[in-house]
Amino acid sequence: MTRQEAFMHSVLEMNPQADKKYTINTYGCQMNENDSEKLAGMMESMGYKHTAVLEDSNLVLFNTCCVRENAELKVYGHLGALKALKLRRPNIIIAVCGCMMQQQDVVNHILKKYRHVDIIFGTHNLHKFPELLYKSLNTDATVADISTSEGYIAEGMPIKRGHGVKAWLTIMYGCNNFCSYCIVPYVRGRERSRRISDIIDEARILGRQGYKEITLLGQNVNSFGLDFKDVTSFSWLLRCLEEVDGIERIRFMTSHPKDLSDELIYAMRDCSKVCGHLHLPVQAGSNRILEEMNRKYTREKYIDLVDRIRNQMPNISLTTDIIVGFPGETDEDFDRTMDLIRRIRFDYVYTFLYSKRTGTPAAKKSNQVSDKIMKARFDALLELQNSISKKINSTLLGKKLEILVEGPSKNNINMMMGRTSSNKIVNFEGTTELVGRLVVVNIDNAGTWSLDGSLV
Ligand code: 5AD
Ligand code: SF4
């Protein structure tokens, strides 16, 4: 039994008859969602049951994100609102973890201003949660552990997955890139890859459990395996996962353009289970801004890369991230971004307003762009991209496409929804027996963000 299993067992033994319920609030990226699935797995192993009702729970967990300021402000808002609940029910445990907790000033602020928080731990100490919970159940003081056990990768943690058809599979942690606006390398540490055999074992288990789709996660999956300094590479991993029984579809995110090799393009082309979609953040279309962002490629290199990808996979769907309002971004710089969007014709663009993150080089720049200009650029970009997305989606009208059925449609519970290999949402009339199956639909209607289809 490992140390953490022993603590899980101890918490399970405490108040075994008591009604133990937890809520979990997750902010930020898919890696955080995957971490929350592991935290949920640990809580269930310790006898807690999930509830969506905050008032019913006696363990409340916040898994935080600090990539942009508004995610942080939301966490502070929710924590503040819990003060009254803690006064009414002093035995409730409030735990806060995730990227925000890797920043010492945030931890100090919480210790000082949110004294009703019981447990604080960082991204490197996820596996220590049972131990911290055990300690907290035996003390009135705040239990905080943000020590950096960065090199350690915990395997075999219990997990309670949020979906029955598609699963997140984290393949590496951290980031070495230090894009000048980004806080991630400071809070998630250096790149560490999981062993390829551990990843394949997890994929095999998922296949046996009936999962049909896996999404491989990492801040920069293209540099997977480089830390082993042997032949391990992301393209090799894809080729190995192609062989896993039961898994029908493989997705991955996120790819850094500077590390996307021809070898990977060929692996994507050759592996029939690897989906026809690539998320390739460009961030900006101006070479001056790209250099200031420390992205290590030019717009010309990016365009050339997209050409090489499209040469091998003509129908691939491409999505990207763009930041508007990076410090010093002029109208001309922004025009270069708009021009790149017109030129590449992405299927979808995730647009972000630049958010100043203390501790990053970009935050020290004096020429920050005003909120008004940033918002105007954001709106212009969205308008342009929406028209492109709609036009691209209209080309699918009348086509017969295979989709993996995920569950009821979000907007209309009488309809079902699935995704094409290119990651487009298709709503259609069908029954819940189809969930987890690959079916072919005819595309009858094309919107900006989703398609409507009918079973063939
Ligand atoms: N401000 C705005 N957007 C950011 N991102 C990362 N850091 C910031 C920031 N400081 C965006 C990038 C990245 C995505 C996950 O979040 O576009 O690709
Ligand atoms: Fe942040 Fe850049 Fe690393 Fe992505 S690649 S996590 S944007 S530093």
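The values are calculated or read from the model by the stated rules, or taken from the named source; none is laboratory data. As the structure is a computational prediction, the values presented were derived from the model and not from experiment. Every residue, glycine as well, gets a Cβ built from its backbone with ideal geometry; the counts of neighbours run over all protein chains shown. All accessible areas refer to the heavy atoms of the entire protein, side chains included, with ligands and DNA or RNA removed. Shrake-Rupley method; radii C 1.70, N 1.55, O 1.52, S 1.80 Å.
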What are the residues in the range 263-286 that are more than 15 Å from Asn220 (Cβ to Cβ), open to solvent by less than 60 Å² (accessible area, probe 1.4 Å) and away from ligand 1 (no atom under 14 Å from the Cβ), if any? Ile265, Ala267, Met268, Cys271, Lys273, Val274, Cys275, Gly276, His277, Ser286
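Here are some residues: Ile341, Ile323, Ile289. Which one is touching a residue at least 40 places away in the same chain (Cβ under 8 Å), surrounded by 14 or more Cβ atoms within 10 Å (Cβ to Cβ) and under 30 Å from Ser272 (Cα atoms)? Spell out how you get there, then give the answer.
Working: Ile323 fails: under 30 Å from Ser272 (Cα atoms); Ile289 fails: under 30 Å from Ser272 (Cα atoms).
None of the other options fit; the residue is Ile341.
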Hits in the range 294-320 (condition: in contact with a Cys (Cβ under 7 Å, 6 or more places away or on another chain) and surrounded by 16 or more Cβ atoms within 10 Å (Cβ to Cβ)): Arg295
From the list Thr215, Thr139, which residue is polar (S, T, N, Q) and under 26 Å from Thr2 (Cβ atoms)? Thr139
Could you check how many residues of the range 331-374 are away from ligand 2 (no atom under 16 Å from the Cβ) and at positive phi? 1
Of the conditions (1) under 20 Å from the mean Cα position of the chain (by Cα); (2) open to solvent by 30 Å² or more (accessible area, probe 1.4 Å); (3) over 28 Å from Thr420 (Cα atoms), the single one that Lys212 does not satisfy is (3)
Residue match in the range 41-53 (condition: open to solvent by 40 Å² or more (accessible area, probe 1.4 Å) and among the basic types (Lys, Arg)): yes
Can you tell me which residues in the range 216-239 are surrounded by 15 or more Cβ atoms within 10 Å (Cβ to Cβ) and of a type in the set (A, V, I, L, M, F, W, C)? Leu216, Leu217, Val221, Phe224, Leu226, Phe234, Trp236, Leu237, Leu238
On the basis of being buried (at least 17 other Cβ atoms within 10 Å of the Cβ), away from ligand 2 (no atom under 11 Å from the Cβ) and small (Gly, Ala, Ser), does Ser197 make the cut? no
Matching residues in the range 136-193 (away from ligand 1 (no atom under 16 Å from the Cβ), open to solvent by less than 60 Å² (accessible area, probe 1.4 Å) and on the phi > 0 side of the Ramachandran plot) number 1
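Of all the residues that make up the range 90-113, how many are in a loop (DSSP other than H, G, I, E, B) and either on the phi > 0 side of the Ramachandran plot or polar (S, T, N, Q) (or both)? Spell out the reasoning first.
From the range 90-113, those in a loop (DSSP other than H, G, I, E, B) are 90-92, 103; that's our starting set.
If we keep only those that are either on the phi > 0 side of the Ramachandran plot or polar (S, T, N, Q) (or both) as well, we get 91, 103.
Number satisfying all stated conditions: 2.
Do we have any residue at all in the range 135-153 that's within 16 Å of ligand 2 (Cβ to nearest atom) and part of a loop (DSSP other than H, G, I, E, B)?
Keep residues of the range 135-153 that are within 16 Å of ligand 2 (Cβ to nearest atom), which gives 150.
Restricting the remaining residues to those that are part of a loop (DSSP other than H, G, I, E, B) gives 150.
There is at least one residue in the range 135-153 that is within 16 Å of ligand 2 (Cβ to nearest atom) and part of a loop (DSSP other than H, G, I, E, B).
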Quick one: Val117 ticks every box in (1) surrounded by fewer than 22 Cβ atoms within 10 Å (Cβ to Cβ); (2) part of a loop (DSSP other than H, G, I, E, B) except a single one, so which number is it? (1)
For the range 306-346, give me each residue that is more than 16 Å from ligand 1 (Cβ to nearest atom) and more than 27 Å from Lys372 (Cα to Cα). Val306, Asp307, Arg308, Ile309, Arg310, Asn311, Gln312, Met313, Pro314, Asn315, Ile316, Ser317
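From Ser317, Ser286, grab the single residue that is away from ligand 2 (no atom under 16 Å from the Cβ), among the polar types (S, T, N, Q) and closer than 27 Å to Asn176 by Cβ. If you could, list the steps in order and put the result at the bottom.
Working: Ser317 fails: closer than 27 Å to Asn176 by Cβ.
Exactly one residue qualifies, and that residue is Ser286.
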